[in-house]
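To start, the structure itself, in structure tokens.
Nothing in this text is a laboratory measurement; each read-out follows from the coordinates by a stated rule. Nothing here was measured: the structure is a model prediction, and the numbers come from that model. Using ideal geometry, Cβ is built from the backbone for each residue, glycine included, and neighbour counts are taken over all protein chains shown.
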């Protein structure tokens with residue numbers, strides 16, 4: 001009898017861990033989808049992508065502590081703000097890279113990453129910050145979940161759904177997909193590919209910023225936090241296949257669940273190795289990603 | 001003649017210069033080797049190695065541990081560290097050099113990050129001291145260290161010079177220009193890439209071993225820091241990618257800029273560094289030597 | 001003539017997804033011949049070159065060179081056995097000088113390689129530019145350089161992908177004269193070309209491909225006089 005309850009408890013624990021992983025993964029997926037979108041359509045590997053997650057988190061933090069803005073509103077606001085910033089950055093800087101060798105884009109965005117997080121460190125110091133909103137847990141069929149993480153999960157899923165609808169049904173979304181598949185043909189068909197690239201870059205940054213604002217609800221915020229997100233995003237992109245949005249969603253969930261399981265049943269330190277190991281294994285054995293396009 | 005005079009001058013420095021200047025030169029020379037080592041592989045083949053810190057860290061760890069835990073003399077610990085990373089690099093090269101373009105760059109970052117995390121875990125702690133790091137004293141004087149790294153930098157540039165003007169070097173450039181065409185012209189591209197990769201690992205690794213002996217300390221975040229990859233790349237870009245002396249010129253200029261910026265603007269130093277990187281790529285992608293070639297200061301044709 | 005063919009392609013199949021770029025294609029190439037490879041766009045000509053040179057691997061079938069199977073061999077191994085090729089889009093090494101472009105291909109002693117490179121630059125009349133970067137050359141000159149690279153390889157069989165396309169008639173004549181000269185010296189050629197007059201005037205045999213299948217093979221003139229083939233080719 002005792003054994004059965006123990007097993008049930010284990011089972012409950014396992015399911016809890018799994019769901020926590022999915023919640024975590026939904027946020028990772030946002031970051032990953034942004035990266036894969038920019039990489040696939042604009043052809044730029046944005047190493048500074050994680051920095052925009054950090055900026056998104058600070059955006060929510062400052063809105064909350066200075067303007068007392070509801071963090072949920074910050075998430076919604078982050079999307080246009082980061083979208084606009086992204087298009088400006090693309091117009092001013094990264095657009096010049098579309099014909100340059102890959103190495104140039106890599107190094108430039110590398111420089112951008114260093115510039116951004118060091119400026120953040122300079123202005124906002126290394127103090128760990130957090131947004132105390134919706135703290136506490138709630139029970140659910142005998143399992144326990146954090147309120148903030150559950151909310152994050154639904155926010156992330158809504159943004160993902162909106163992204164899918166936009167790409168599938170809107171005229172611009174179709175233009176973006178066409179540009180991603182064959183820029184020359186898209187151009188001949190009257191699609192302004194340059195504009196599509198700018199919009200896509202903005203969307204990628206908006207996804208990162210929104211993800212950052214969501215992250216602020218559940219974890220601490222500090223200037224160097226971008227690095228861990230960008231390494232996860234790269235693993236997600238490679239897992240899902242370059243430029244494959246659905247693949248990135250699946251990849252994000254997989255990485256989240258893996259991280260959650262390894263943290264729970266092995267060690268938090270080993271969980272940090274997951275993105276690197278996943279990335280190397282996929283590149284070696286399934287370089288086109290896990291999924292067929 | 002000019003080279004001989006320069007060498008005599010450089011060799012004589014410890015006899016009259018202050019420790020500050022010797023230290024500065026040690027840094028310049030170490031980074032000259034890093035930058036040249038990076039350039040030797042990435043500058044010639046076009047395969048961006050974002051894992052230079054991996055070469056440096058693994059070799060640095062191997063030699064530091066030999067000195068700290070096994071009481072080896074530095075003179076033996078250094079080459080063993082470099083040989084160690086070279087041998088591992090053969091395996092890694094065979095596996096990872098099949099991956100092309102950006103993917104190769106990312107996989108090297110992943111390898112570096114993964115190794116860094118691994119060296120800090122409890123599983124490797126008996127060997128690597130985990131996250132606590134390895135403090136040690138090698139009992140080498142600053143002058144001796146300086147001469148060692150001077151010799152290494154000299155040999156590295158010599159090797160780079162020999163390679164760039166050899167058929168092997170041309171094969172590496174052909175890989176950068178068009179790998180598939182090179183292959184259908186009978187060039188064994190995989191072998192050439194692996195040889196260059198391992199040679200780069202050996203030279204960089206040797207400099208890494210000296211670097212951490214000079215610092216008397218290594219730990220995972222210090223030994224595998226992204227700066228050890230980034231700084232040499234910036235230096236090479238600044239001097240001129242794929243050239244023999246570009247990396248050395250870049251290393252010298254940048255170390256001085258670093259000294260000035262660091263003293264004046266400690267907190268903003270890294271941010272400025274990032275900004276310079278962006279500006280370099282946007283406005284000065286060909287480096288000092290490439291710019292001189294474009295302006296006609298250096299000839300546009302090349303004789304062999 | 002019971003001689004072994006220089007190159008045998010046997011029942012080669014290559015699919016990209018569902019589409020068969022080459023569909024059970026077989027033919028032999030005799031030593032010392034110049035063969036034209038014709039067919040509409042997408043007929044599988046370039047794919048065929050890629051399969052022979054090891055850039056792509058066939059899904060099934062075999063390729064033999066001088067009686068030895070070369071299917072599955074690496075491109076550099078096949079190149080060293082004596083098959084050279086040029087590409088439809090020129091693929092020289094732009095940031096290397098002309099001389100370097102040739103030396104990098106050469107095997108053996110440094111002096112010998114250098115002498116041979118100089119000799120070939122004389123042959124393609126680019127010797128004055130030997131220390132210039134290849135990116136400084138005109139389109140037609142780059143084509144000549146790319147041919148010189150293949151000759152540097154000492155290839156016995158040379159595959160040319162549209163050698164005459166996009167260059168002026170004078171240079172085109174020079175190029176074709178060079179090919180004949182090399183042919184007389186014992187080199188074998190397979191030429192992909194859209195310009196039928198080039199095929200007519202310069203090739204002894206032709207192989208016609210359509211939808212990845214060999215639809216005709218034999219004497220050039222006979223093939224080009226074949227009505228049904230012309231229909232295929234010109235879509236009339």
Over all viewing directions the Cα convex hull of the range C:142-214 casts an average projected area in nm² of 5.3 nm²
To the nearest 0.05, how large is the calculated FRET efficiency for residue A:224 and residue B:23 if R₀ is 41 Å and r is the Cβ-Cβ distance?
-> 0.90
Choice from B:149, B:244, B:102 showing the highest fluctuation, given a GNM over chain B with Cα pairs closer than 10 Å | B:102
Using only alpha carbons, build the gyration tensor for the range A:201-291 and give me the equivalent ellipsoid semi-axes, biggest first, whole Å.
-> 21, 19, 11
Answer check: the range B:143-288, Cα atoms, Kirkwood Rh, Rg/Rh ratio of 1.01
At q = 0.16, 0.19 Å⁻¹, work out log10 I(q)/I(0) for the range C:1-142 with the Debye formula, treating every Cα as an identical point scatterer and leaving solvent out; two decimals please.
-> -0.99, -1.15
What share of all Cα pairs of chain A, in percent, falls into each consecutive 10 Å distance bin?
-> 7, 28, 35, 21, 7, 2, 0, 0
Divide the volume of the convex hull of the Cα atoms of the range B:1-137 by its number of residues and quote the answer in cubic angstrom per residue.
-> 150 Å³
Taking alpha-carbon centroids only, the range C:158-229 lies from the range B:82-143 a number of Å equal to 55 Å
Pseudo-spin-label distance residue B:15 to residue A:195, built 7 Å along Cα→Cβ, given in nm, is 7.3 nm
Contour minus end-to-end for residue A:69 and residue A:267, with contour as 0.36 nm per residue of separation and end-to-end as the Cα-Cα distance?
-> 67.6 nm
Distance between modelled label sites at residue A:154 and residue B:259, nm, 7 Å Cα→Cβ extension | 6.1 nm
Percent breakdown of C-alpha pair distances by 5 Å bin, ordered from the shortest bin, for the range C:121-171 | 4, 18, 30, 25, 17, 5
Determine by what factor the alpha-carbon radius of gyration of the range A:178-249 differs from 2.2 N^0.38 Å, reporting the quotient.
-> 1.38
Contact order normalised by residue count of chain C, Cα under 8 Å, 6+ apart, percent | 27 percent
Area projected by the alpha carbon convex hull of the range A:44-100, averaged over all directions, nm² = 4.2 nm²
With N residues in the range C:1-61, what two-decimal value do you get for its Cα radius of gyration over 2.2 N^0.38 Å?
-> 1.17
Comparing B:29, B:66, B:158 in a Gaussian network model of chain B (Cα, 10 Å), the one with the largest mean-square fluctuation is B:158
Given the options A:133, A:28, A:58, state which has the largest fluctuation in a GNM of chain A using a 10 Å cut-off (strictly under) for Cα springs.
-> A:133
Please give the helix C:110-123 orientation as an angle from the longest Cα principal axis of chain C, in degrees from 0 to 90, rounded to the nearest 10.
-> 70 degrees
Taking max minus min of the Cα coordinates of the range A:162-217 on each principal axis, largest first, gives extents in Å of 45, 20, 14
In nm, to one decimal, how far is the residue B:76 label point from the residue B:7 one, both placed 7 Å along Cα→Cβ?
-> 2.9 nm
Beyond 25 Å, what share of the Cα-Cα pairs of the range B:88-212 is found? Please give it as a whole percent.
-> 44 percent
Output the Kirkwood hydrodynamic radius of the range B:117-164, Cα pairs only, in Å rounded to one decimal.
-> 13.8 Å
Largest first and in whole Å, give the semi-axes of the range C:73-225's equivalent ellipsoid, each being the square root of 5 times a Cα gyration tensor eigenvalue.
-> 28, 18, 14
The range B:203-304: radius of gyration over Cα atoms, expressed as a fraction of 2.2 N^0.38 Å | 1.24
Mind checking the log10 I(q)/I(0) for the range A:134-293 at q = 0.15, 0.18, 0.19 Å⁻¹? Debye, one equal scatterer per Cα, no solvent, two decimals.
-> -0.97, -1.28, -1.36
Just order C:34-41, B:268-275 by mean Cβ neighbour count inside 10 Å, highest at the front, would you?
-> C:34-41, B:268-275
So what are the three principal axis dimensions of chain B from its Cα atoms, in whole Å, longest to shortest?
-> 52, 46, 38
What average number of partner chain Cβ atoms lie no more than 10 Å from the Cβ of the residues making up A:237-244?
-> 1
Among the Cα-Cα pairs of the protein assembly as shown, the proportion with separation greater than 51 Å, in percent, is 25 percent
Using alpha-carbon coordinates alone, the radius of gyration and Dmax of the range A:1-151 in Å work out to 20.2, 69
